[in-house]
Every structure is written in C-alpha cells, then in structure tokens.
1. Where the convex hull is taken over the Cα atoms of the stretch 26-87, what is its projected area averaged over directions, in nm²?
2. Starting from the amide H of GLN50, placed 1.01 Å from N in the peptide plane, find each other amide H under 5 Å away whose residue is 5 or more places distant or on another chain.
3. I'd like the chymotrypsin sites (Phe, Trp or Tyr not before Pro) in the stretch 29-120 restricted to DSSP loop residues with at most 15 other Cβ atoms within 10 Å, sorted by number.
Amino acid sequence: MIKTNQKELKNGGAVMRATKIHLLTQLETKLLKVTEAQLREYAAASTIKQETILCTDEGFVLTFTLSWKPGVFTLFTVRSGRPRTFKSVDRMLKYLEKQNLLLDEITLKLKPTTPATQPT
C-alpha cells in the first residue's frame, strides 16, 4: 500500500488545476474575438458555418466558423476580454436559443486539444 500525505494531494491538485487553466489560456490565444452584437449580426446574415461547444476547466465555451472569413471565433466578454463561459451546456443552449443564435447542428468536444482541429 502506498502512503500519501495531504500535502502531496494538494500539490497534485494544484498541478492539475494549473494544467486545465493553461488549456483555456492556450485555446484563448488561438481564437478570434467576437462580441455578442457581432455574433447576432453574423447569425442574422446566416454566415455562421459551424458551432462547437468546448469543455474547459472554467466552463463551456462556444466556438464557431464563418462562411466568409477564415479562422475559429469565440464569443468574448467586453468586461474581462476573456471567452464567455457557461457553467453548463444547458445554460449555453438556452442562451443561444433565446438570442436566436442556435444552429440546427452543434458539435460538443469534452476533451478539446486545440480549436484548429475543427473541420472546415
């Protein structure tokens, strides 16, 4: 039987949390920023090509591609300048439906590596 003390467990947990935060930061640097108003404008013009929900340590993040501009975009908050995160997929879907931003088909990635792996 292997013995571990509380300090080792706390340190291991801290490393795990730091890794997860690093994942969101890594994703954040590769995503192009879009405000809520711009997203509504793109949805009204039917230029949103694909929506993907990414699971991160801070919650669920919406990414999408546009038919007229290359790259992967995400909804950013104006206040913090970080991706808009939702605590649950249900809350995100309700928000998207209420704002009339929901496509017929959405991809859910529970273990994302990088948004660049999305098919175009």
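1. On the way: hull surface 16.7 nm².
Average of the hull's projected areas for the stretch 26-87 equals 4.2 nm².
2. It is THR65, by chain and number.
3. Counting only loop positions with at most 15 other Cβ atoms within 10 Å, the chymotrypsin sites (Phe, Trp or Tyr not before Pro) in the stretch 29-120 are TRP68.
FYI, it's all coordinate maths here, none of it is from the lab. Worth saying up front: this structure is predicted, and the values here are computed from it rather than measured. Note that each Cβ is placed from the backbone with ideal geometry, even for glycine, and that neighbours are counted across all protein chains shown.
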